[in-house]
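Trainee: Please find one structure pasted underneath; my questions will follow.
The values are calculated or read from the model by the stated rules, or taken from the named source; none is laboratory data. In this text the structure is predicted, and so the values were computed from the model without any measurement. No Cβ is skipped: glycine too gets one built from the backbone with ideal geometry, and neighbour counts run over all protein chains shown.
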Amino acid sequence: MLHRLLSVTGGLYAVFFFVTAVPLGAPALAQANNPKPEEKAPAAAQDPAKEPQKVDEFAEAQHMLSGPAGNPECVWLGRRVVTLLWRDDLDTAFRHLDLYDRFGCPSAHVQATFRCLILHGSNIDPKAADSLNGRVHSCWINPSMPAAVAPPPAAAAASPTTSR
């Protein structure tokens with residue numbers, strides 16, 4: 001009987017210490033308290049030099065384009081649509097295009113910009129995001145840029161063939 005009384009008393013002490021150790025509102029079972037490391041802010045937020053560049057691009061588009069195609073929301077969404085189309089992410093591009101249309105932006109401008117990108121996109125480095133973004137921006141500003149004609153290969157022009 002004494003043994004049983006000591007076991008119940010020991011159990012009550014264990015419960016008492018467990019309850020007082022866990023603060024109210026915490027889960028009943030203690031979990032490892034591994035605080036999450038602070039998440040880094042996006043690269044654009046870390047580099048303050050890029051923010052004025054974006055504002056300048058929007059101001060340039062608004063100055064160069066008449067109508068809603070120059071509005072900042074149309075520029076931002078439209079350039080994203082064209083970039084996603086270039087990268088063959090059609091589902092995401094069409095979702096962005098729905099938003100683009102909802103803001104009252106001209107869909108013909110997206111088409112003309114994508115056409116310009118196709119005509120001028122042969123030398124875009126797929127690993128350099130700035131190369132694609134710069135080309136998309138220049139095509140957005142002036143989608144009717146004349147197509148660049150590729151020069152003939154230098155090796156073929158330099159070594160004429162002769163037949164004997």
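Trainee: Check residue 88 against each of (1) in a loop (DSSP other than H, G, I, E, B); (2) surrounded by 11 or more Cβ atoms within 10 Å (Cβ to Cβ); (3) modelled with pLDDT of 85 or more and name the one condition it does not meet.
Mentor: The single condition residue 88 does not satisfy is (2).
Trainee: Do the conditions hold for residue 81, that is, is it over 16 Å from residue 142 (Cα atoms), surrounded by 10 or more Cβ atoms within 10 Å (Cβ to Cβ) and at pLDDT below 85?
Mentor: no
Trainee: Tally the residues that are loosely packed, with under 13 Cβ neighbours inside 10 Å and either in contact (Cβ under 8 Å) with a residue 24 or more places away in the chain or of a type in the set (Ser, Thr, Tyr) (or both), restricting the search to the stretch 108-131.
Mentor: 1
Trainee: Tell me which helices (runs of 4 or more DSSP H) are completely within the stretch 93-164 and hold 2 or more residues being modelled with pLDDT of 95 or more, or say none if there are none.
Mentor: 107-120
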